[in-house]
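Engineer: Take this structure first; my questions come after.
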Amino acid sequence: MTVDRAVMAFAGFMVLFSLALSQLFSPYWLLLTAFVGINLMQAAFTRFCPAAIVFKRLGVPPGPVFG
């Protein structure tokens with residue numbers, strides 16, 4: 001798994017996790033979903049992603065996008 005795939009998997013997990021939390025506890029958890037979406041949008045244009053930096057430091061091999 002490369003950093004690119006790890007970022008996408010993490011983003012997908014966070015979206016599903018926040019949706020579950022919004023159903024179980026409070027609709028304000030949907031703000032986390034919005035944050036993840038905004039972060040993905042800005043990463044698409046700037047190629048800067050905090051999650052990619054963390055995955056790189058954890059030793060995940062680089063990919064073509066966040067390499």
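No lab work stands behind these numbers, since they all come straight from the coordinates. This is a predicted model, so every value here is computed, not measured. Cβ: placed from backbone, ideal geometry, glycine included. Neighbour counts: every protein chain shown.
Engineer: Where does each of Arg5, Arg47, Arg57 land when they are ranked from fewest to most other beta-carbon atoms within 10 angstrom?
Structural biologist: Least crowded to most crowded, the residues run Arg57, Arg47, Arg5.
Engineer: Let me ask something else about it. Let me check against my output: what whole-number percent is the relative contact order of the chain, with C-alpha pairs under 8 Å and at least 6 apart?
Structural biologist: Normalised by residue count, the contact order of the chain is 50 percent.
Engineer: Calculate the radius of gyration of the Cα atoms of the chain to one decimal place, then report Dmax, the largest Cα-Cα distance, as a whole number, both in Å.
Structural biologist: Computed over the Cα atoms of the chain, radius of gyration and Dmax are 13.0, 38 Å.
Engineer: Further, regarding this structure: Mind listing which chymotrypsin sites (Phe, Trp or Tyr not before Pro) in region 25-67 are in a DSSP loop and have 10 or fewer other Cβ atoms within 10 Å?
Structural biologist: Here the chymotrypsin sites (Phe, Trp or Tyr not before Pro) that fit, given the DSSP loop and packing criteria, are Phe25.
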